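Accompanying notes for the structure given below.
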Amino acid sequence: MMATKRNILAPVANVETQAYWDAADAGRLLVKKCLACGEPHFYPRALCPFCFGETEWQETNGEGEIYSFSVMRRAEAPYAIAFVKLDAGPTMMSNIVDCDFDRIAIGQRVKVVFQPSNNGHKVPMFTPV
Amino acid sequence: MSIKRAACIAGIYEHPTRHAPDKSLAQLHAEVAKGALEDAGLSKDDVDGYFCAGDAPGMGPISMVDYLGLKPRHVDSTDVGGSSYLLHVSHAAQAIAAGKCDVALITLAGKPRSEGMATGTAPRIVAPSVPDAQFEQPYAPTIANMYAMVAMRHMHDWGTTSEQLAWIKVAASHHARHNPHALLRNVVTVEEVVNSPLVASPLHRLDCCVITDGGGAIIVTRPEIARSLKKPVVNILGAGESPKHTDGGRIDLSYTGIESAGRRAWAEAGVKPADMKYASFYDSFTITVLKQIEDLGFCEKGQGGKFVADGNLISGVGKLPFNTDGGGLCSNHPANRGGLTKVLEAVRQLRGEAHPRCR
Ligand SMILES: [Zn+2]
């Protein structure tokens, strides 16, 4: 079954996160990495959630694998929610799109695609490689 | 300092309503407060500690203290969702042990049923200042599909089946048939659960709890006072708490917060899973129960599916009767928060007040 288009709620960026959403609009997925302990994390923060060190933005290859997922059937347009473990390290919440929902599987390789939210700004989602 | 035997549960009340369009939210809080005080044999003037969470209207405890006409010397509005009231029992015991209050009142009430709330299936709007909001809201997380991802991962890791999860609902339904106030009183079968419509894969409609109006209240007091009252004394032996989160993106659905919270509670109480003849488990969904059973050590990790199957949670049939009032899965889930009613049924069991077919 293919996805019907869902109204994607626009993210409300703030000064701490603006660079992430600007990158998404430009078709790039970023994570934050700690300058002190070297660990990447998600969602991005100014101070590392592991050690409170200062952090910097880091490019990713936009790929990862599905850690878990669920297809929401009780919705106007069914959609697939997932946790995607990025090759860059952290796991993030996202949607799996442009695919047959019945064929989504844990462990499946996925790559980022950017879909417009209801105010036009892009949101990173994933589709099977 | 331990809370072991520092305080007792002296009064409980569960509002009999499951649909209350004719009552205000504050009114429900007052009715359950009155009910629990009557159950304890105490009066409103005895209350010197008040506890409530996010279901209570107003700022923290302030509006409710005003509305109820209480004059507490200790208040606490810790809100961690449905389990808030378990923390309240623990915090009340701590406050009593520290001499901060003698008679603590905990109330819960809500009207999601009469308000037509799509509790588990509609994404909840979160203030943009909540730091995770912008990284989650676009993806439409709901209560149902978040728990569903836990279930999906458990099935992947351990081969757990929908039929095994269904046994949890089946057990709850066997208990609910004896509860005249339960919303769902019909016994259901494994087939009926797995053939009910998918809500969020792999969870079906009958894997979900009910949506009900109503509420409940608990009176916690010091042992000397509890012993002077008419009801059997119910001692608090231990408690633990542990907010689990996404850990900076190191998301791991293989365990829940109750793993460490439970370890602390078992240690403080000095008891172990094998000592338990009854258990109240939070039951927003069937998978919720299974995860707690594993993480509290009632079985090996991954073996929860086998543990709950074949009626093992049914009173008089299996080894571990749970939620003998029908729980949130069949009886009541007031305010979409299941913690308080779990305490109530555990107290009924300890007092010998649970339904004779479920003791
Ligand atoms: Zn760090």
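The values are calculated or read from the model by the stated rules, or taken from the named source; none is laboratory data. Remember, it's a predicted structure, so these values are computed and weren't measured experimentally. Here the Cβ is made from the backbone with ideal geometry for all residues, glycine too, and neighbour counts use every protein chain on show. When the accessible area is computed, the model is the full protein with side chains, heavy atoms only, and any ligands, DNA or RNA have been set aside. Shrake-Rupley method; radii C 1.70, N 1.55, O 1.52, S 1.80 Å.
So how do B:76, B:310, B:207 rank on accessible area, 1.4 Å probe, biggest first, that is with the largest at the start?
Listed by decreasing accessible area, they come as B:310, B:76, B:207.
Please work out the Cα center distance from region A:59-129 to region B:93-170, rounded to the nearest Å.
22 Å
With a 1.4 Å probe and all protein chains kept in place, how do B:205, B:337 rank by accessible area, largest first?
Per-residue accessible area, sorted high to low, gives B:205, B:337.
Per DSSP helix of 4 or more residues, -39500 (n - 2.57); summed, then divided by the residues of chain B. What does that give at 222 nm, rounded to the nearest 500?
-10000 deg cm²/dmol
How large is the charge dipole for chain B, taken about the Cα centre, if only the Cβ atoms of Lys, Arg (+1) and Asp, Glu (-1) carry charge, to the nearest 20 debye?
740 debye
For region B:247-345, what does the accessible surface come to per residue with a 1.4 Å probe? Please give it in Å².
Averaged over the residues of region B:247-345, the accessible area is 33 Å².
Helix B:25-40 against the longest principal axis of chain B: what's the angle in degrees, Cα atoms only, rounded to the nearest 10?
Approximately 70 degrees, to the nearest 10.
Can you sort B:290, B:253, B:198 by 1.4 Å-probe accessible area, starting with the largest?
B:198, B:253, B:290
Counting only C-alpha contacts under 8 Å and six or more residues apart, can you give the relative contact order of chain B as a whole percent?
With pairs under 8 Å counted, the relative contact order is 26 percent.
Please compute, for peptide A:84-97, the average count of beta-carbon atoms on other protein chains lying within 10 Å of each residue's beta-carbon.
Per residue, the number of nearby Cβ atoms from other chains is 4 on average.
Taking θ as phi - 60°, what are the ³J(HN,Hα) couplings along region B:287-294 by the Karplus curve (6.51, -1.76, 1.60), each to the nearest whole Hz, with x for Gly and Pro?
4, 4, 5, 4, 5, 5, 4, 5
With angles folded into 0 to 90 degrees, how steeply does helix B:162-176 sit against the dominant principal axis of chain B? Use alpha carbons for both and round to 10.
40 degrees
Under the definition of partner shielding as Cβ atoms of other protein chains within 10 Å of a residue Cβ, what is the mean value for peptide A:12-18?
So the per-residue partner count for this stretch is 3.
Where the only charges are on Cβ atoms (+1 Lys, Arg; -1 Asp, Glu), what is the dipole of the protein assembly as shown about its Cα centre, to the nearest 20 debye?
The calculation lands at about 1040 debye.
Relative to 2.2 N^0.38 Å, what does the C-alpha radius of gyration of region B:97-178 come to as a ratio? Two decimals please.
1.63
Give me the inter-chain shielding for A:73-81: mean count of other chain Cβ atoms within 10 Å, whole number please.
Average per residue, whole number: 6.
Grab every C-alpha pair in the protein assembly as shown, bin the distances at 10 angstrom width from 0 up to the longest one, and report whole percents.
For the protein assembly as shown, the binned pair fractions read 4, 19, 27, 25, 17, 7, 1, 0 percent.
Calculate one ³J(HN,Hα) per residue across region B:248-265 by plugging θ = phi - 60° into the Karplus curve 6.51 cos²θ - 1.76 cosθ + 1.60, and present them in order as whole Hz with x for glycine and proline.
Using θ = phi - 60°, the values come out as x, x, 8, 5, 9, 8, 7, 9, 10, x, 6, 4, 7, 4, x, 4, 5, 5 Hz.
I want to verify a result. In a Gaussian network model of chain B, Cα cutoff 10 Å, which of these has the top mean-square fluctuation: B:98, B:144, B:127?
B:127
What's the magnitude of the charge dipole for region B:110-258 around its Cα centre, counting Lys and Arg as +1 and Asp and Glu as -1 at the beta-carbon? Answer in Debye, nearest 20.
Its charge dipole is roughly 720 debye.
Sequence-distant or interchain residues sharing an amide H contact under 5 Å with residue A:68, placed H: which?
Amide H neighbours of residue A:68, under 5 Å, 5+ apart: A:83.
When N is the residue count of region A:9-129, what does its C-alpha Rg come to as a fraction of 2.2 N^0.38 Å?
1.08
So in chain B, what percent of DSSP beta bridges are antiparallel if you round to the nearest 5?
70 percent
Show which lysines lie in cross-link reach of residue B:272 when reach means a straight Cα distance below 27 angstrom and same-chain residues fewer than eight apart are skipped.
Result set, ordered by chain and number: B:4, B:169, B:231, B:244, B:291, B:301, B:306, B:319, B:342.
Hand me the GluC sites (Glu not before Pro) from region B:289-345 located in a DSSP loop with no more than 16 other Cβ atoms within 10 Å, in residue order please.
Qualifying residues, ordered by number: B:300.
Taking amide hydrogens as modeled 1.01 Å from N in the peptide plane, which residues meet the under 5 Å criterion relative to residue B:244, leaving out close sequence neighbours?
Close amide H contacts, sequence-distant or interchain: B:257.
Mind grabbing the accessible area of residue B:204 for me, 1.4 Å probe, Å², rounded to tens?
Approximately 20 Å² for this residue.
Hand me the trypsin sites (Lys or Arg not before Pro) from region B:255-331 located in a DSSP loop with no more than 11 other Cβ atoms within 10 Å, in residue order please.
Sparse-neighbourhood loop trypsin sites (Lys or Arg not before Pro): B:277.
So if R0 is 51 Å, what FRET efficiency would residue B:186 and residue A:35 give, r being the distance between their Cβ atoms, rounded to the nearest 0.05?
For R0 = 51 Å, the calculated efficiency reads 0.25.
If you keep only loop residues by DSSP, which chymotrypsin sites (Phe, Trp or Tyr not before Pro) in region B:225-308 have at most 15 other Cβ atoms within 10 Å of their Cβ?
The qualifying sites are B:255.
Quote the FRET efficiency, to the nearest 0.05, computed for residue A:77 versus residue A:26 with a Förster distance R0 of 30 Å and r equal to the Cβ-Cβ distance.
0.65
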